[in-house]
Amino acid sequence: MNKRTFLKAGSSALIAYQPIVEMLQRLDTIYGSSSEKELSENEDYWAEIRKGYKLKTDYINLENGYYCFAPETTLNHFIDHVREVNYQGSYYMRTVQWENKDKAAQRLADLMGCGHDELIITRNTTESLDIIINGYVWKPGDEAVMAEQDYGSIIGQFKLMADRYGMVNKIISLPNHPASDEELVDLYASAINEKTRLLMICHMVNITGQILPVRKICDMAHSKGVDVMVDGAHAVAHINFDIKELHCDYYGASLHKWLSTPLGAGLLYVKKEKVKDLWPTFAGWNDNHEDIKKLNHTGTHPVHTDLSINNAIDYYLAMGRDKKESRLRFLQRYWSDQVRELKGVVLNTPKDVFRSCGIANVGIINMKPADMANTLMKKYGIWTVAIDGQGVQGCRITPNVYTSTKELDIFVQALKEMSAS
């Protein structure tokens, strides 16, 4: 196979992908007259989508937040890419490896709404954000601001910088039920002073699903001369947004979550003018300090995962960005609205519809989160994860597009029985 042929085969595998496209197009023809709200609640429509996933019958999976496994079409493409790269061996690695990775990164940039020279493919959110934190030239007394609800491993990287360089970390705590955007903006603003250099915020808080007013926070921080780094691990391919409209300086995300790529893919966005001031974590071959690729040297890596990003994007766009977001929000509200006022139940996710989407967190009064998760699994066959700390006690509930309301009915009944006892 020559270079041109391989590029064509590896970019999106349209021939093999065609059946799923035709299925989604057929669904659009059948349900095209439905409003977005009507379609989000149509179980027949989403039952067709469900058929594209291979699901374990041992339990109801309400823990897609860690890893949204790929639909069968993306998985089959991934396996094909593994076979083809293995077949080509060093020929592939020395000829088209980087060209293909660039093409995948460009598609991601188009999806995110940023320049092709502002985004690189990484392995996950942690790597993306650590590249930024490690890339700063920290001086003793420099300060960074973050929340205790931020992801632990990222806070750990800041602590490492504090131990190594003598910089200072200020950690605030987010309210689970903010009264307004201004309450959150003011909370971050109160932690900023003349020594603050970087502010880290979540786009969507991983343990509760709360969506923060990113643009308002960014504009406030910029007015004080502070850069903003956004943890978007749970936002990409979950809620529809344009990264330029957020006004952030840095943005990292994992693609194995809501974009449903195979494990080992993430993205990092860096505003063009910020690239030159960052030091690479690993020395590479790129001497251009203004080229974002200087941050992207990781040595030999699983290049077949890069190719599968194209297939995951194909599937996501064929389903429809707004359609997916609407369905995920419907699923969360379907169960949470039924138990929000239930005696003995605590919702740790804001009630306002625009402050959350598919993720929510629920607890049972006087029941440890670990015991709650264990009971859900052993008694009701529901798989989830316990969260106990950072101002949150409960289980994080993360359905996906294949989740049915019948499954959520079982979960709601479980919460009613558990809270009553």
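The values are calculated or read from the model by the stated rules, or taken from the named source; none is laboratory data. Since the structure is predicted, the reported quantities are computational estimates derived from the model, not experimental observations. Note: ideal-geometry Cβ built from the backbone for every residue, glycine included; neighbour counts use all protein chains shown.
Miscellaneous remarks
- Close Cβ contacts (under 7 Å, 6 or more residues apart or on different chains) running from residues in the range 143-166 that are touching a residue at least 60 places away in the same chain (Cβ under 8 Å) and in a helix (DSSP H, G or I) to residues that are buried (at least 21 other Cβ atoms within 10 Å of the Cβ) and not acidic (Asp, Glu) comprise Ile154/Leu129; Ile154/Met200.
- Segments classed as strands (runs of 3 or more DSSP E), wholly inside the range 312-405, with at least 3 members that are more than 15 Å from Ile60 (Cβ to Cβ) and touching a helix residue (DSSP H, G or I) at 6+ places or on another chain (Cβ under 7 Å): 360-364, 385-389
- Residue within the range 145-156 that is surrounded by fewer than 20 Cβ atoms within 10 Å (Cβ to Cβ), under 20 Å from Lys294 (Cβ atoms) and of a type in the set (Gly, Ala, Ser) present: no
- Counting only helices (runs of 4 or more DSSP H) wholly contained in the range 58-119, the ones carrying 2 or more residues that are in the same structural domain as Gly209 (by TED's automatic domain parsing) and of a type in the set (S, T, N, Q) occupy 97-112.
- Glu325 being of a type in the set (D, E, K, R), touching a residue at least 24 places away in the same chain (Cβ under 8 Å) and within 27 Å of Ala221 (Cβ to Cβ): yes
- The condition of being touching a Ser or Thr at 6+ places or on another chain (Cβ under 8 Å), hydrophobic (A, V, I, L, M, F, W, C), touching a residue at least 12 places away in the same chain (Cβ under 8 Å) and more than 24 Å from Cys68 (Cβ to Cβ) holds for Ile365.
- Among residues of the range 79-99 being aromatic (Phe, Trp, Tyr) and surrounded by 12 or more Cβ atoms within 10 Å (Cβ to Cβ), the one that is nearest to Ile309 (Cα to Cα) is Trp98.
- Residues that are touching a strand residue (DSSP E or B) at 6+ places or on another chain (Cβ under 9 Å) and modelled with pLDDT under 90 within the range 266-307 comprise just one, Thr298.
- For the range 204-227, the candidate set comprises residues that are assigned to a loop (DSSP other than H, G, I, E, B) and closer than 19 Å to Ala360 by Cα; within that set, the residue that is farthest from the chain's Cα centre (by Cα) is Pro213.
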